[in-house]
Amino acid sequence: PLTVFPEIFEEMKQLEKLLISDCQNLQSLPLSIAHLYNLKVIKLSKLEQLDSINFSFLELTNLRRLEFSSLQKLTFIHPSLSDNNSLEDVKLNRLPELSILPCFGANNTNLKEIDLNKLPKIDILPD
């Protein structure tokens, strides 16, 4: 079973959608995702062993939609998500171990929709 995603994205400069789902044993994602400059959509779901999103969002200047769903062990999302000003739609659903949200606000100037659902460890929203 796939536990570590290989560094295959370095040459995929034209990739616009990254959809990863139902990889039950996947524990980590490659940092090279941060260099997919044309990426418009990231959707991660049902990755039960993934505990962190460690790649930076700063260079993903075309990213419009981000959806993290049913990531049972996710505890960390790289804080650079707060500084991505191209995002329009963010959905964070069914993340039972996530206790700190990225700060959405002044730097997310194009954000049109935020959907937060079933985040039991989130007590307060960041400023």
statement: If every Lys and Arg gets +1 and every Asp and Glu gets -1 at its Cβ, then about the Cα centre region 76-127 yields a dipole, in debye to the nearest 20, of 180 debye
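Roughly how compact is region 53-123, stated as its Cα Rg over 2.2 N^0.38 Å to two decimals?
After normalising by residue count via 2.2 N^0.38 Å, the value is 1.03.
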query: What is the chain's relative contact order, in percent, from Cα pairs under 8 angstrom and six or more apart in sequence?
result: 19 percent
- line: Taking a crude spin-label model, label points 7 Å out from Cα along the C-beta direction, the Gln27 to Leu58 distance in nm is 2.8 nm
task: Check the straight Cα-Cα distances from Lys13 and name the aspartates and glutamates below 18 Å, setting aside those fewer than 8 residues away within the same chain.
output: Glu59
statement: Dimensionless Rg/Rh of region 35-90, both radii on Cα and Rh by Kirkwood, sits at 0.96
task: Excluding residues on the same chain fewer than 8 positions from Lys91, give the lysines whose Cα lies under 22 Å from its Cα.
output: Lys17, Lys40, Lys43, Lys46, Lys73, Lys112, Lys118, Lys121
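Tell me which GluC sites (Glu not before Pro) from region 71-127 have a DSSP coil assignment and no more than 16 other beta carbons within 10 Å of their own.
Glu88, Glu97
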message: Along its three principal axes, how long is region 7-68 when you only count alpha carbons? Whole Å, largest extent first please.
response: 28, 22, 17
query: Between (1) 2, 10, 19, 17, 13, 12, 9, 7, 4, 2, 2, 1, 1, 1, 0, 0; (2) 2, 8, 13, 17, 18, 16, 12, 7, 4, 2, 1, 0; (3) 2, 11, 21, 25, 23, 12, 4, 1, 0, which matches P(r) over Cα pairs in 5 Å bins from 0, in percent calculated for the structure shown?
result: (3)
query: Once label points are set 7 Å from the Cα along Cα→Cβ at both Val41 and Lys91, what is their separation, rounded to one decimal in nm?
result: 1.0 nm
statement: In terms of the charge dipole of the chain, which places +1 on Lys and Arg and -1 on Asp and Glu at the beta carbon, the residue among Pro96, Ala34, Leu60 farthest towards the positive end is Pro96
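Every number in this text was worked out from the coordinates using simple rules, so none of it is lab data. Computed from a predicted structure; not experimentally measured. Heads up, the Cβs are rebuilt from the backbone with ideal geometry, glycines too, and the neighbour counts pull from every protein chain shown.
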